[in-house]
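**Student:** Structure in structure tokens, see below.
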Amino acid sequence: MLRLKKLVKTYKTGDQALKSIDLDVPKGQVLALIGPSGAGKSTMIRCINRLVEPTSGEILLDDVDLSKLGSGALRKARREMGMIFQEYALVERLTVMENVLSGRLGYVGFWRSFLRKYPQSDVDEAFRLLDRVGLLHMADKRADELSGGQRQRVGICRALIQNPKLLLVDEPTASLDPKTSRQIMRLITELCQERGLAAIINIHDVALAQMFVPRVVGLRFGEIVYDGLPTGLTPDKLTEIYGEEDWEATIEKVDDEDEIEAAE
Amino acid sequence: MSHRELDDMLGTKWRKPRFVPNPYLRWTLTVGFIAYLIAAYMTIDVNWARVYEGLDRGAQFVLAFTKPDFVSRAGDIWSGLLESVVMTVAASVVGILISIPIGLGAARNIAPMPIYLICRGIVAISRALQEIIVAILLVAIFGFGPLAGFLTLSFATIGFLSKLLAEDIESMDKVQAEAIRASGARWMQWINYGVQPQVMPRLVGLSMYRIDINFRESAILGLVGAGGIGATLNTAFDRYEYDTAAAILLLIIGIVMALEYLSGIIRARVQ
């Protein structure tokens, strides 16, 4: 469904963030993108919906090359891709409901959105999503009154109300505590399953990625160095992705945590 | 290896690196500045005899504040104040409305280069020309009266508000705006959802502050014939009616303080 062909991003400074990335994401597949800071994970996700302009290569979403779209067509294409951000990126001075409904901006005209008069179907869907993530009672609170985990749930609702085919998720758990991180990861993967959504999840917590996704792609210096099952991430592979370190603890911890998870 | 270096450093004094590292340059700058300062003060020519005479008039003026006369020129004061308030409100509303699009255009992170340059140019012109100079010019064009004052204040508001609004937009949180853009929003929707909520409290605060400034300026503009309470104040000074002048000044102080209080309340509400 999503296909990256020879995607290259070179920044003005000359830094090659992405060196000819080829990647194929079938419909409904959730994959985790791991790699050290500066490996190009964020750049890759932002190239897909062109918040960052790719230098060359093709981005095919259902056979439409996103890299060649004009601004009007790009806006339409962006509706198909929901994005979830590291620091939640909610508009802090807007209410929870306004934040969720802002996911519909690509579908409603300016005056409707300006006067906050969204179609009833959108409003109902917003209520449904907020209820699904357990935040219906917070609908009229301002976003900056929420805790981190709650904000990220609102961020998830905002992405889903777009009715996307694909979720682009940029470090969803980076500013959350371990327990909330898992809840958020579980929520994202569950929702993807419920709706048959594909997702690319940038994540630097390897153990967390292994716990929740069926496919892991490892990025290093802008190149894909691993693509496979989470169980295939051996210490050698992790060294290849991140550099020399003692990986036994990381990998063992995963097993332990799974048992605790099962016991709960 | 690193221990070798550490041993060399242990026991040596540490101090913050100097702002100007070169000692010759540093001392030249310091001594030069002090010499200039002394020379500058020496050129100020004070005529102490004149100051002594003036003390008397100053005292009269200050004493007038103990018995301000609101009554004998009540009609003039009232019509002057009214004119000032009308000028202030009209100029602030027009100025703020024009400032918003110019402020958007003058923010480097949201405006394309040509628009940015044009808007920054407008801001620069408006800020370079002091109110009094603009007022003198406009009085020459439109004649005496509040129209010239109204136009002057609107013009000055644009320079002030657009610049500060643009700076606030430039320092906004990029990711919040990015998230709105990622949803497929149009440009106007992006401004309305991604940018406006972030800069609104500051815009409201600055607008209130500008209303306050515009009122004070309207008292000055009267001195060059641009209408308002300033004209009444000027007349009072010309007639040596210090008690009436004191009354007018007290009213201006009162109104400015009331505006300050009001803007405090409003700013707290929009935070």
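The values are calculated or read from the model by the stated rules, or taken from the named source; none is laboratory data. Just so you know, these numbers come straight off a predicted model, no measurement behind them. Note that each Cβ is placed from the backbone with ideal geometry, even for glycine, and that neighbours are counted across all protein chains shown.
**Student:** Within the range A:151-166, identify whether any single residue is surrounded by 21 or more Cβ atoms within 10 Å (Cβ to Cβ), over 17 Å from the mean Cα position of the chain (by Cα) and either more than 9 Å from every other protein chain (Cβ to nearest Cβ) or free of Cβ contacts under 8 Å to residues at least 24 places away in the same chain (or both), and answer yes or no.
**Tutor:** No: zero hits.
**Student:** Can you tell me which of (1) in contact (Cβ under 8 Å) with a residue 60 or more places away in the chain; (2) hydrophobic (A, V, I, L, M, F, W, C); (3) under 26 Å from residue B:197 (Cβ atoms) is the one residue A:184 doesn't meet?
**Tutor:** Here residue A:184 clears every test but (1).
**Student:** Follow-up question, since we're still on this one. Of the residues A:93, A:132, A:104, only one is more than 10 Å from chain B (Cβ to nearest Cβ), touching a residue at least 40 places away in the same chain (Cβ under 8 Å), crowded, with 17+ Cβ neighbours inside 10 Å and among the basic types (Lys, Arg); which?
**Tutor:** A:132
**Student:** Give the range B:63-81 a look and list any residue that's more than 17 Å from residue B:144 (Cβ to Cβ) and either of a type in the set (D, E, K, R) or part of a helix (DSSP H, G or I) (or both), or say none.
**Tutor:** Once the filter is applied, which keeps residues that are more than 17 Å from residue B:144 (Cβ to Cβ) and either of a type in the set (D, E, K, R) or part of a helix (DSSP H, G or I) (or both), the range B:63-81 yields B:63, B:64, B:67, B:69, B:73, B:74, B:75, B:77, B:78, B:81.
**Student:** Right, another one. Which of the residues that make up the range B:172-197 are more than 7 Å from chain A (Cβ to nearest Cβ) and either assigned to a helix (DSSP H, G or I) or closer than 12 Å to residue B:110 by Cβ (or both)?
**Tutor:** Those that are more than 7 Å from chain A (Cβ to nearest Cβ) and either assigned to a helix (DSSP H, G or I) or closer than 12 Å to residue B:110 by Cβ (or both): B:172, B:174, B:177, B:187, B:190, B:191, B:195, B:196.
**Student:** In the range B:157-216, what residues are of a type in the set (S, T, N, Q), surrounded by 20 or more Cβ atoms within 10 Å (Cβ to Cβ) and over 24 Å from the mean Cα position of the chain (by Cα)?
**Tutor:** Matches in the range B:157-216: B:176, B:183, B:189.
**Student:** So residue A:95 ticks every box in (1) in contact with a strand residue (DSSP E or B) (Cβ under 6 Å, 6 or more places away or on another chain); (2) under 18 Å from residue A:169 (Cα atoms) but one. Which box is left unticked?
**Tutor:** (2)
**Student:** Follow-up. Counting only residues that are among the hydroxyl-bearing types (Ser, Thr, Tyr) and surrounded by fewer than 22 Cβ atoms within 10 Å (Cβ to Cβ), which one in the range A:44-90 is farthest from the other protein chains (Cβ to nearest Cβ)?
**Tutor:** Among residues in the range A:44-90 that are among the hydroxyl-bearing types (Ser, Thr, Tyr) and surrounded by fewer than 22 Cβ atoms within 10 Å (Cβ to Cβ), the one farthest from the other protein chains (Cβ to nearest Cβ) is A:56.
**Student:** Select the strands (runs of 3 or more DSSP E) contained entirely in the range A:1-96, then report the ones holding at least 2 residues which are in contact with a Leu (Cβ under 8 Å, 6 or more places away or on another chain) and more than 27 Å from residue A:243 (Cα to Cα).
**Tutor:** A:2-10, A:56-61, A:81-84
**Student:** If you don't mind, there's one more thing I want to ask. Working only within the range A:109-164, note down all residues that are over 16 Å from residue A:92 (Cβ atoms) and touching a Pro at 6+ places or on another chain (Cβ under 9 Å).
**Tutor:** Within the range A:109-164, A:112, A:156 qualify.
**Student:** Also: Name every residue in the range A:178-208 that is small (Gly, Ala, Ser), more than 23 Å from residue A:61 (Cβ to Cβ) and at pLDDT 90 or above, in order of residue number.
**Tutor:** A:181
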